[in-house]
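Below you'll find the structure, written out as structure tokens, and then a few comments.
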Amino acid sequence: MQGNDDEIEEKRHTTRRTFLGTLSAAGVFGLSQTTASATGNPRSAAPPQGDTDVPSLEPTNVERVSELSDRLLEFSFENPLVDPPLETANVRVLLPEGYDETDKTYPTIYLLHGGGNSAASWSDPDLSPGEIGPGPVQNYVDEDVVVVMPDGGEGGWYTDWYNGGDFGAPMWETFHIHQLVPWAEDRFRLRSERGSRVVAGLSMGSVGALQYAARYPDVFAGVYAFSGGPFPIEQLQSDAEDGELGSALANAYGDPFEQETRVRGLNPNDLTENYRNLRLYMAVGKGEGRSGPAAEIEAVVYENFLTFVENLDETGIDYTFDVFPEGVHDWPYWQKYLKRVLPDIMDVFASAPVDPSGFTHKTILRDFDIWGWQIDREDRNRQTAEFLTLEDVTSDGLTITGRGKTVVTTPGDYESGQKYRLNHDGGSATVRPRVVRADEDGCLTFAVHLGPAAEPGNDVANQPESATISIEPFERGRSNSCN
């Protein structure tokens, strides 16, 4: 039995090497027998690496607008966040029939492409050959929905790149979440509530969609991932040891040993609790009875999905996982998957808003909003990533786990002008002030000190401190010496 296990593991390892070699040859993750031609109000002041200002996309950024059909538009932006590698970033937008003849507002699908592809890929007939799938999106997406298809770089991995600690361009996550979503909702008649946005993608874009949904679960109500299971951290580390990781992944995420916390903070496998209030759908083939790179890649993607699904099961997250035994890593199947889920996407848009009360959220973002809770981590160190976890968050209190000083501003759930007492249980952690008055918007602001932040270069993922904080009206007559 042991010999069989060793043989299986060696086969998996060999397949991974074939997989990563194919990624390099095929433009990272896009394979295909084609050539590439690209509450929900995201905080623009909170890119994950720290203090970078995020300019908004304005009409003056638009270098060119092309009307490709009566429904399909292409915008080309000058944008230093992704230049390099792109001199201009393209975004294709598919409008519903009769958009110009009504004043209706519409929900949005943010549709991400795979490696080696571009914003054009989902809608370009030349990049969508095959007899199984229905073809480019304009051929079959006729629901009352707007589809936004942005450039994500041939090997951008839908994150703000670490670049060996230099950060800077490309900043795909900041471009898509903090620029593109606000721009699209300003430029078109789009509903701006969280329940009217979903994110979907194929291959590399599938990984990106899962990343965005996990890191911004109050921005998107659903995520649809096709043929792109997230890499297990152990696989990335093994490939790094063997020199098979590739420069794009290393630059995008960081070294999986030296920057393990940063890599985990971008990895859906480590963020499964964040999916609890989302509609989560995954589709993948197994390449059974098929040969060639498309089958080999899909077989490995399937294995990666199995690891992810195991982690979702351990966390108790609901999901739908469709497996197509004959499916391979190519356009006809991705088209088939998207067409298959359109009714489910429209059901998400028609559903009542979720109640996130009691939510848990884990992140390495420095400053962020989540379900109306504003978090500002004052001890910032661009070189060192640290997790922060919020648990059981309600208007009665929360548990916060991490390091350093964190300033918390609550939603406006409290009576303006009323004082509230903050009690906590958490070892050496401190909360200041202990009595706080709700501002004119009904918000409370207080600081939680969870010990010193990490020193530069230190990974403190396994050394957090916790504080459980209760919030209750301040009762007159009780001692207020802690105020």
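The values are calculated or read from the model by the stated rules, or taken from the named source; none is laboratory data. A quick note: this is a predicted structure, and the numbers were derived from the prediction, not measured. Ideal geometry is used to build each Cβ from the backbone, glycine not excepted, and the neighbour counts take in all protein chains shown.
List of remarks:
- Exactly one residue among Glu378, Glu386 is crowded, with 17+ Cβ neighbours inside 10 Å, at pLDDT below 95 and farther than 22 Å from Gly195 by Cα, and that residue is Glu386.
- Checked against (1) more than 30 Å from Ala385 (Cα to Cα); (2) at pLDDT 95 or above, His176 passes all but a single condition, namely (1).
Here's the yes/no breakdown for (1) buried (at least 21 other Cβ atoms within 10 Å of the Cβ); (2) outside any loop (DSSP other than H, G, I, E, B); (3) on the phi > 0 side of the Ramachandran plot:
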site	(1), (2), (3)
Pro230	yes, no, no
Gln235	yes, yes, no
Ser238	no, yes, no
Glu244	no, no, no
Ala252	yes, yes, no
Val263	yes, yes, no
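- Lone unmet requirement of (1) of a type outside the set (Val, Ile, Thr); (2) under 19 Å from Trp122 (Cβ atoms); (3) buried (at least 19 other Cβ atoms within 10 Å of the Cβ) for Asp344: (3)
- If you go through segment 154-196 and pick out every residue that is in a loop (DSSP other than H, G, I, E, B), among the small types (Gly, Ala, Ser) and in contact with a Leu (Cβ under 7 Å, 6 or more places away or on another chain), you end up with 1.
- Subset of segment 404-432 (residues that are hydrophobic (A, V, I, L, M, F, W, C) and part of a loop (DSSP other than H, G, I, E, B)): Ala429
Here's the yes/no breakdown for (1) in the same structural domain as Ala294 (by TED's automatic domain parsing); (2) farther than 19 Å from Gly222 by Cβ:
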{"site": "Phe308", "(1), (2)": "yes, no"}
{"site": "Asp330", "(1), (2)": "yes, yes"}
{"site": "Thr384", "(1), (2)": "no, yes"}
{"site": "Leu390", "(1), (2)": "no, yes"}
{"site": "Leu398", "(1), (2)": "no, yes"}
{"site": "Thr410", "(1), (2)": "no, yes"}
